[in-house]
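Data first, discussion second: the structure below is written as structure tokens.
The values are calculated or read from the model by the stated rules, or taken from the named source; none is laboratory data. As the structure is a computational prediction, the values presented were derived from the model and not from experiment. Virtual Cβ from ideal backbone geometry, glycine too; neighbours counted across all protein chains shown.
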Amino acid sequence: MLLNHSNHPSSTWPPEQLKAAREQFGEIIDEPFPVIDPEWDEAKVVALAKEKVAEFIAKYGKEMTVHIMGEATYCFAFVSEMKRRGISCVASTTVRKVAFENGVKKSIFRFKRFRYYRI
């Protein structure tokens, strides 16, 4: 099972990302990424990450891989806590193509693969 913990619900993923996720991980479940207040200190971010890890394990057990993308310090705390508990986390990788239309910069992202968080 792939738990998608990001601001991008799997219903909005491109077909190639959905296909890769299903082939590698099976079922996909969306758990929205929390709003991280930029005024919070590190302790509050870490506490939220630990709270979410405990919530997800209670809800889904440990037989999951977590796709996590979002605010960097939260992701670091969340991934560190998941890894401490023996649960793998992945990020989605993309190729960015930039185009200019009428003087406006437009970025298009093309999914490439899932990459494991490793230390």
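The residues listed here are Lys105, Lys112, Lys97; of these, the one that is surrounded by 10 or more Cβ atoms within 10 Å (Cβ to Cβ), modelled with pLDDT under 95 and among the charged types (D, E, K, R) is Lys97. Taken together, the residues in region 10-41 that are without any contact (Cβ under 8 Å) to a residue 60 or more places away in the chain and not in a helix (DSSP H, G or I) amount to 16. The set of residues from region 17-45 being of a type in the set (A, V, I, L, M, F, W, C), in contact with a helix residue (DSSP H, G or I) (Cβ under 9 Å, 6 or more places away or on another chain) and farther than 23 Å from Lys112 by Cβ comprises Ile36, Trp40, Val45.
Would region 29-39 turn up any residue that is of a type in the set (A, V, I, L, M, F, W, C) and under 13 Å from the mean Cα position of the chain (by Cα)? Within region 29-39, one or more residues are of a type in the set (A, V, I, L, M, F, W, C) and under 13 Å from the mean Cα position of the chain (by Cα). Taken over region 46-64, the criterion of being surrounded by fewer than 20 Cβ atoms within 10 Å (Cβ to Cβ), β-branched (Val, Ile, Thr) and touching a helix residue (DSSP H, G or I) at 6+ places or on another chain (Cβ under 8 Å) is satisfied by Val46 alone. Only a single criterion out of (1) of a type in the set (Phe, Trp, Tyr); (2) in contact with a His (Cβ under 8 Å, 6 or more places away or on another chain); (3) not in a strand (DSSP E or B) is not satisfied by Phe76, namely (2).
Can you tell me which residues in region 86-119 are of a type in the set (D, E, K, R), free of Cβ contacts under 8 Å to residues at least 40 places away in the same chain and outside any loop (DSSP other than H, G, I, E, B)? Result: Arg96, Lys97, Glu101, Lys105, Lys106, Lys112, Arg115.
Restricting Lys44, Lys83, Lys52 to residues that are in contact (Cβ under 8 Å) with a residue 40 or more places away in the chain, part of a helix (DSSP H, G or I) and not polar (S, T, N, Q) narrows the list to Lys52.
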